[in-house]
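Data first, discussion second: the structure below is written as structure tokens.
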Amino acid sequence: MGRTLENKKEIVADLKETLSESTLALVIEYQGLTVAEISDLRRRLRPSGTVCKVAKNTLMGIAIQDQEKWQPLSELLKGSSAFLLVKDDFSSAIKAYQEFQKVTKKTELRGGVMEGRLLKEPDVKALGDLPSKEQLIAQIAGAINALATKIAVGINEVPGSLARALQAVAEAETGDSAKGESAESSAE
């Protein structure tokens with residue numbers, strides 16, 4: 001039994017809403033996947049905030065019709081399409097899909113769209129090679145911590161250096177006066 005017009009409008013509205021929250025959309029050929037495998041893919045993508053939508057290409061075409069930044073997606077709408085709509089952490093989402101693809105060997109990445117630009121498979125792979133959001137935050141925190149440590153060591157070093165300098169001056173003056181006294185006593 002086919003979908004009703006009302007049902008199709010709901011699907012298009014849902015796609016529009018999900019796209020409005022997304023930064024990256026990937027299109028994969030999913031023909032041959034079982035329901036269990038699609039569920040596994042969705043489970044793998046969930047931690048990265050990615051949604052996997054299986055929809056007819058015509059419905060996705062209608063959803064992107066008025067959205068200029070998603071227009072390049074129309075070039076990828078052919079065959080059996082599943083859409084991976086990534087909200088934030090695209091690096092983790094791509095890595096999760098790549099792991100799934102290695103296991104099943106049933107899907108094929110057609111490409112994607114990010115910021116109004118069509119991405120081919122090598123572009124998507126390059127995005128996947130970037131560090132994840134958590135890794136970047138950890139690297140920045142490590143750099144800030146290292147800088148703070150160097151500043152603290154430098155600040156602590158100033159009083160120590162000053163104390164050593166004063167000690168050296170005091171010893172030099174004591175040594176000079178001691179030499180002067182011994183010189184005076186020799187002269188007498």
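The values are calculated or read from the model by the stated rules, or taken from the named source; none is laboratory data. Since the structure is predicted, the reported quantities are computational estimates derived from the model, not experimental observations. Heads up, the Cβs are rebuilt from the backbone with ideal geometry, glycines too, and the neighbour counts pull from every protein chain shown.
Some points to look at:
- Counted residues, segment 1-30 - those being free of Cβ contacts under 8 Å to residues at least 60 places away in the same chain, part of a loop (DSSP other than H, G, I, E, B) and not aliphatic (A, V, I, L, M): 3
- Among the residues of segment 95-127, those that are hydrophobic (A, V, I, L, M, F, W, C), closer than 25 Å to T34 by Cα and within 18 Å of the chain's Cα centre (by Cα) comprise A96, V124.
- Taken over segment 31-48, residues that are of a type outside the set (G, A, S) and touching a residue at least 40 places away in the same chain (Cβ under 8 Å) amount to 9.
- Here S20 passes the criteria (1) within 20 Å of the chain's Cα centre (by Cα); (2) crowded, with 16+ Cβ neighbours inside 10 Å; (3) polar (S, T, N, Q) except the one numbered (2).
- Test result for E29, charged (D, E, K, R), surrounded by fewer than 17 Cβ atoms within 10 Å (Cβ to Cβ) and modelled with pLDDT under 90: no
- Annotation note: Cβ proximity below 8 Å between a residue of segment 49-66 that is assigned to a helix (DSSP H, G or I) and a residue that is among the basic types (K, R) (sequence gap 6+ or interchain) occurs for N57/K78; L59/K8; A63/K16.
- Residues in segment 52-92 that are under 24 Å from L136 (Cβ atoms), crowded, with 19+ Cβ neighbours inside 10 Å and in contact with a strand residue (DSSP E or B) (Cβ under 9 Å, 6 or more places away or on another chain): L84, L85, V86, D89, F90, S92.
- For V103, the test of being over 19 Å from S22 (Cα atoms) and modelled with pLDDT of 80 or more is passed.
- Candidates Q135, Q98 - the one that is closer than 30 Å to P72 by Cβ, surrounded by 10 or more Cβ atoms within 10 Å (Cβ to Cβ) and not assigned by TED's automatic domain parsing to the domain that holds S48: Q135
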